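The values are calculated or read from the model by the stated rules, or taken from the named source; none is laboratory data. Quick caveat: nothing in here was measured; it's all calculated off a predicted structure. Here the Cβ positions follow ideal geometry from the backbone for every residue, glycine too, while neighbour counts run over all protein chains shown. Remember, those area values only see protein heavy atoms, side chains included, never the ligands or the DNA or RNA. Shrake-Rupley method; radii C 1.70, N 1.55, O 1.52, S 1.80 Å.
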Amino acid sequence: MMMMIWIPLLAFVLCLLINSSIKSFQQETNHHHHHHQQQGQEGGSLDKKKNNNHNHNTTTATTRPNIIIILADDVGTGDIPVYWNNTSGKVVMPNIEQLAQKGLTFLDAHATPLCATSRYMLLSGNYEHRGRGVHGTWDIRYENNQFLDHQLSIAQVLRDGGNYKTAMFGKWHMGGKVPLTFNGTFNRAKILTHPGHDWSQPIHDGPQDIGFSSSLITPNGIQMAPYSFFRDGYLATNVSDAITWKHGSYDMPFGTSIIQRKGDGDPHWDSSAYNMILVNETEAFIDHHLMDSPNDPFFIYVALGAVHGPHSPPNRYRDGTPIFGTYPSSHMDMLYEMDKAVGSLVDIIDNRGIGQDTMIIFASDNGGVKPGNRDSSKYGHNSHGPLRGHKGTIYEGGHRVPLIARWDGHFPANEIRTKMVSIADIYSTLCEITGIQKPIRSAQDSISMAKYMFSGNHTSGLRKWYGIWHFKSEALREDNLKIVRNHNGATNEKTLEIYDLDNDISETNNLRDSIDRQTMERLVKKMREIGPCPTFDKETPFQLEKSSDEIVGCDFFREDTNRCHLYNVGELNCPTVCGRYEEFCKQFHVDDVVL
């Protein structure tokens with residue numbers, strides 16, 4: 001009897017503690033708000049049904065769904081039980097399994113090999129080099145975020161075109177400018193406490209500037225400073241209270257908080273509470289939305305901290321479930337907590353009776369962690385299944401990610417999809433489903449998979465190619481064929497490899513010496529064409545904009561190079577005139593590729 005009373009009491013206390021841990025954040029942010037307003041393939045399991053013949057209900061612009069995207073961090077397909085016939089991972093995930101049973105599981109879904117570039121890809125519908133930096137933009141420093149001025153995020157499109165109420169909670173990791181005092185200078189080591197930083201102002205080019213009307217974010221997740229939340233762009237910590245955290249472990253209310261790198265932060269920072277705070281924020285936003293704007297749809301992007309390092313699982317989850325020490329590694333404990341967080345987010349939807357009105361998408365930003373001290377391979381847990389590579393590589397294990405989507409009464413339940421898709425495609429997919437026109441100069445690498453989600457028979461129009469880049473290495477998927485140009489930065493060794501993934505999912509049998517020259521040339525040409533360093537201009541005239549009848553050639557841009565910034569087709573079709581990465585491409589060009 002005492003145990004029956006204790007468990008719900010503990011859950012209630014945990015929730016109170018989490019809320020109190022951010023109370024000072026909210027109070028400080030309210031002050032800032034007031035100030036601001038004054039100023040103006042193989043491996044499917046669960047016996048899923050492949051490509052069901054039934055056409056499920058589609059939607060129109062008058063029945064726009066709520067949308068919640070849950071993005072995990074450093075979670076590979078092998079970490080999720082519904083992949084690879086549940087033979088790879090050792091962590092039970094009943095909530096994610098139930099999500100898959102009620103929705104679609106994509107077996108050949110892709111992101112980029114790294115964190116920041118995938119976050120830009122998801123929200124922009126673009127390959128990473130379409131943005132401000134060829135390798136993405138990461139920390140908040142002295143430059144704008146990765147979005148170019150003409151590019152609109154999916155949050156902006158849904159907000160402005162569909163009256164969506166938009167929110168983001170969690171890891172930002174797409175850059176932005178630290179606000180400076182008059183004549184102030186940027187100091188990365190003292191990002192909160194440096195007198196040249198003016199934290200009465202918001203981060204410039206933060207989530208509030210790309211379409212998120214509400215947000216609670218950390219610029220770099222839990223892995224590095226600033227160790228503080230920002231609400232709607234404003235620092236949610238009193239600057240006078242900020243401290244410099246040293247590397248180490250700290251006993252906090254919810255568990256052991258770990259600081260991997262010295263840096264400024266909130267005195268109450270607790271990395272073990274991170275995911276629970278995001279769940280609480282999501283719940284509060286939805287409840288407020290249902291009371292305040294019940295007739296409008298919402299779009300929520302939840303970027304979890306799990307399972308990026310430092311691996312600091314809470315002692316207990318917010319419902320009282322023990323987390324820390326449940327598995328032999330903290331990495332596995334974090335995977336367990338991630339499933340609990342996903343379950344909480346889904347329960348928030350289901351318990352409010354809006355399951356048929358809400359599309360839920362779960363994905364990861366890149367492949368699983370590299371085998372070694374921080375993963376769980378020595379305990380028999382494999383984050384990659386049979387895939388070669390891991391986070392930070394251009395092999396399948398680096399960029400093939402879990403992707404699960406559920407929309408009750410619209411998407412079929414318990415089905416798999418085997419065709420190649422990308423998290424970049426979510427942008428165009430949401431535009432098609434909501435009936436909102438995709439902006440002309442945005443999401444140029446996004447291809448809608450909406451019809452394919454409603455029915456596995458609708459495979460026409462899906463992507464045929466997918467490019468992958470990681471610094472000086474690159475790869476291209478053309479259906480089952482994959483060409484890899486791998487550059488070893490340590491040895492400067494370059495290799496050219498070709499694999500048939502239908503017969504060699506582990507990328508072990510290099511077909512370079514047996515593939516015909518025509519196929520090789522086609523793959524190399526396409527890899528060049530869509531990459532950051534195209535080597536030729538388009539010789540035939542092309543349409544200036546999709547909505548325009550004006551036909552131009554590269555001379556149009558040579559006459560006035562300012563036009564390169566106005567029309568993205570200039571960079572696509574006339575790289576010798578409009579290319580933005582000249583210095584990088586001098587080192588990157590593949591004159592060493594021998595066909």
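Annotations
- Highest mean packing first, where packing is the average number of other Cβ atoms within 10 Å per residue, the peptides 236-248, 563-575 line up as 563-575, 236-248.
- Counted over the chain, the DSSP beta bridges are approximately 60% antiparallel.
- When Rg and the Kirkwood Rh are both derived from Cα coordinates, the Rg/Rh ratio for the stretch 330-458 amounts to 1.01.
- For the stretch 212-267: Kirkwood Rh in Å [reciprocal of mean 1/r, alpha carbons]: 11.9
- Solvent exposure of residue 493, expressed as accessible area, is near 110 Å², computed with a probe of 1.4 Å over the protein chains only.
- Coordinate range along principal axes, alpha carbons of the chain, Å, largest first: 73, 62, 55
- Exposure check, 1.4 Å probe, all protein chains in place: residue 251 carries approximately 140 Å² of accessible surface.
- Cross-link pairs beyond the 20 Å C-alpha cut-off, checked among 171/340; 391/586; 102/391; 482/525: 391/586; 102/391
- Measuring nothing but protein heavy atoms, the accessible surface of the chain at 1.4 Å probe radius is 49 percent carbon and sulfur.
- Using C-alpha pairs under 8 Å with a sequence gap of at least 6, the mean separation divided by the residue count of the stretch 69-139 gives a relative contact order of 17 percent.
- When the square roots of the Cα gyration tensor eigenvalues are ordered a ≥ b ≥ c, the ratio a/c for the stretch 117-238 is 1.5 or more and a/b exceeds b/c, which makes its shape prolate.
- Packing-based ranking of 336-347, 177-188 yields 336-347, 177-188, ordered from highest to lowest mean Cβ neighbour count within 10 Å.
- Overall form of the stretch 102-155 per C-alpha gyration tensor (a/c, 1.5; a/b vs b/c): prolate
- Relative contact order %, the stretch 118-213, counting alpha carbon pairs below 8 Å whose residues are six or more apart: 30
- A probe of 1.4 angstrom, applied to the heavy atoms of all protein chains, finds residue 550 with accessible area near 90 square angstrom.
- Shape category assigned to the stretch 206-335 from the gyration tensor of Cα positions, a/c cut at 1.5: oblate
- Charge dipole of the stretch 327-469 about the Cα centre (unit charges at C-beta), most positive-ward option of 360, 390, 343: 390
- Put a plus charge on the Cβ of each Lys and Arg, a minus charge on the Cβ of each Asp and Glu, and nothing anywhere else: the dipole of the stretch 248-389 about its Cα centre is then about 860 debye.
- Cubic angstrom per residue, convex hull over Cα atoms of the stretch 445-530: 130
- Placing +1 on the Cβ of every Lys and Arg and -1 on the Cβ of every Asp and Glu, with nothing else charged, gives the stretch 336-431 a dipole about its Cα centre of roughly 500 debye.
- Net charge dipole size for the chain [Lys, Arg +1 and Asp, Glu -1 on Cβ; Debye, nearest 20]: 520
- In order through the stretch 574-581: 3J(HN,Hα) via Karplus (6.51 cos²θ - 1.76 cosθ + 1.60), integer Hz, x for Gly, Pro: 10, x, 5, 9, 10, x, 9, 10
- The stretch 436-452-the stretch 361-397 distance, computed between alpha-carbon centres (Å): 29
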